[in-house]
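These notes are about the structure you will find just below.
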Amino acid sequence: MKLFAMTDVGKKREINEDYIFASSEPVGNLPNLFVVADGMGGHRAGDYASKHAVEKVVEVIKSISDDADPENIIQRAVDAANAYIYKLSREDEALFGMGTTLVIATCRDDVVTVANVGDSRLYIVNDFITQITTDHSLVEEMVNLGGIDREAARTHPDKNIITRAVGVKKYVLVDFFEVFIGESEKLLLCTDGLTNMLSDDEIHQIIERSNDISEAGRGLIDAANENGGRDNIAVVLVEPFGGQND
């Protein structure tokens with residue numbers, strides 16, 4: 001397995017509210033674990049939410065010894081993270097209303113289990129690029145209703161309004177996906193700081209023309225910044241059948 005993971009503050013923000021965790025080694029009963037989060041809230045609350053939610057997810061996954069089903073394990077971890085962030089936001093006025101997106105993946109053999117809350121995304125990349133997750137956002141609902149097209153959604157003034165987040169309500173609904181991945185395919189987990197700056201085709205082209213996933217990951221971040229870097233950028237690229245990192 002080859003792995004690249006990096007966040008970047010971007011060109012316009014002073015605080016990085018994106019947070020990642022990436023391990024090609026086992027985490028608890030999961031054979032590997034990849035997590036991307038994009039926090040939201042008042043001053044410093046967004047970075048607090050994303051960091052603490054990811055840390056809680058990892059902590060809970062490490063503690064689960066009575067279950068081997070990836071979806072059950074991730075569900076329990078996200079529920080715990082949601083309760084934790086929600087509780088913290090009610091105890092500290094400065095953190096009130098904070099929340100975070102989460103996109104989580106784990107690979108066992110050729111099966112990828114994916115969990116998603118919010119508008120951070122997971123793609124599978126091969127000869128094509130395919131978005132696996134569905135954004136929980138206002139503009140996604142508008143696209144589904146036929147009000148705007150996909151390209152207009154990228155630049156819509158309400159594109160940052162999400163309809164589901166971890167820690168905002170007492171309970172959170174998690175979307176799960178199970179997909180097969182082939183030997184030459186890659187996983188891309190990312191925040192909207194990447195996808196608002198680059199189209200899917202541009203992301204695909206950068207990955208395809210790169211010599212390895214480290215070059216591809218850095219190329220994606222550089223291109224997002226060159227296109228304006230209006231938000232923090234998080235990129236996790238995984239090549240499950242790619243051997244060891246160079």
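The values are calculated or read from the model by the stated rules, or taken from the named source; none is laboratory data. Treat the numbers as computed from the prediction; the structure is a model and nothing was measured. Reconstructed Cβ throughout: ideal geometry from the backbone, glycine too, with neighbour counts over all protein chains shown.
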- Message: For D110, only one of the following conditions fails: (1) surrounded by 21 or more Cβ atoms within 10 Å (Cβ to Cβ); (2) under 25 Å from E239 (Cβ atoms). What is its number?
- Response: (1)
- Here are some residues: G193, G228. Which one is in contact (Cβ under 8 Å) with a residue 12 or more places away in the chain and outside any helix (DSSP H, G or I)? G228
- Checking I104, I74 in turn, the sole residue that is assigned to a helix (DSSP H, G or I) and either within 20 Å of D119 (Cα to Cα) or not polar (S, T, N, Q) (or both) turns out to be I74
- Message: Kindly evaluate D92 against the criterion of being charged (D, E, K, R) and at pLDDT 95 or above.
- Response: no
- Of all residues in the range 20-70 being farther than 20 Å from A105 by Cβ and in a loop (DSSP other than H, G, I, E, B), which is nearest to the chain's Cα centre (by Cα)? G41
- Message: Name the single residue that is farthest from L122 (Cα to Cα) among those in the range 38-64 being out of contact with any strand residue (DSSP E or B) (no Cβ under 7 Å at 6 or more places or on another chain) and of a type in the set (V, I, T).
- Response: I64
- Item | So A83, is it outside any strand (DSSP E or B), modelled with pLDDT under 95 and farther than 29 Å from E202 by Cα | no
